[in-house]
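Take a look at the structure below.
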Amino acid sequence: MKTAYPIVLTPAEHGFVVYVPDLDINTEGDSIANAIEMATDAIGLWGITAQDMGKAVPPASPSLPMCEKGEIATFALVDFDAYRRANDMRTVRKNVTLPSYLNDMADKAGINFSQVLQEGLKARLGVQ
């Protein structure tokens, strides 16, 4: 599910400094579009790291914060589940048991067991 976090873009010498008040984090971008994209990335990384540590991700404020003159307040959209799928590339080793004849046939066919298991899990779980 997508969540819209308010952000504040402050003009800098080269682009914009971005502040995410709900998470008290900063990032930067070289244009408005890039700054919003970098905010989405920073929020996504912060969120999945918090989840991995067993912490709750704070809900997004529903309104934009007050800005100083020259600053821009807007929202950055993030989907933590989609962010994890796209960026969490850690691997986990699993021991799989299968019939010997099936193992022999797969070996002879040059099948990559890890790839087949990943494809099967994605299909079963409805993950793209």
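Only the coordinates and a few stated rules stand behind these numbers; no lab work does. Note that the coordinates shown come from a computational prediction; the quantities given were computed from them, not determined experimentally. Counting neighbours? That spans all protein chains shown, and the Cβs are built from the backbone with ideal geometry, glycine included.
If each of ASP52 and GLU119 carries a label point 7 Å out from its Cα toward its Cβ, how far apart are those two points in nm?
Here the answer is 2.8 nm between the modelled labels.
Cα axis of helix 100-109 to longest principal axis of the chain: angle in degrees, 0 to 90, nearest 10?
Roughly 70 degrees between the two axes.
So for the chain, averaging the separation of alpha carbon pairs under 8 Å that are six or more residues apart and normalising by length, what relative contact order in percent results?
Answer for the chain is 27 percent.
For the chain, what number results from the quotient of the Cα radius of gyration and 2.2 N^0.38 Å? Could the numbers behind the result be given before it?
Numbers: Rg = 21.1 Å, N = 128, 2.2 N^0.38 = 13.9 Å.
Expressed relative to 2.2 N^0.38 Å, the Cα Rg reads 1.51.
Under 28 Å between alpha carbons: how many lysine pairs meet that in the chain, if sequence neighbours fewer than 8 apart on the same chain are excluded?
Here the count comes out as 7.
What dipole magnitude, in Debye to the nearest 20, does segment 1-42 give about its Cα centre under +1 on Lys/Arg Cβ and -1 on Asp/Glu Cβ?
180 debye
What angle do you read, to the nearest 10 degrees and between 0 and 90, between the alpha-carbon axis of helix 113-125 and the longest principal axis of the chain?
60 degrees
Just report the Cα centroid separation between segment 1-49 and segment 106-128, whole Å.
36 Å
Pairing the Cα long axis of helix 32-52 with the longest principal axis of the chain, what angle in degrees results, from 0 to 90 and rounded to the nearest 10?
50 degrees
Using modelled amide H (1.01 Å from N, peptide plane; none on Pro or chain starts), what sits under 5 Å from the amide H of ILE25, excluding residues fewer than 5 places away?
VAL20
If you take the charge dipole of segment 2-87 about its Cα centre, with +1 on Lys and Arg Cβ and -1 on Asp and Glu Cβ, which of ALA12, PRO58, GLY70 is farthest toward its positive end?
Going by the charge dipole, the pick is PRO58.
Note down the net charge around HIS14, summing +1 for each Lys or Arg and -1 for each Asp or Glu among other residues with Cβ under 11 Å from its Cβ. It would help to have the intermediate numbers written out before the result.
Values: positive: none; negative: GLU13, GLU28, ASP30.
With Lys, Arg at +1 and Asp, Glu at -1, the neighbours total -3.
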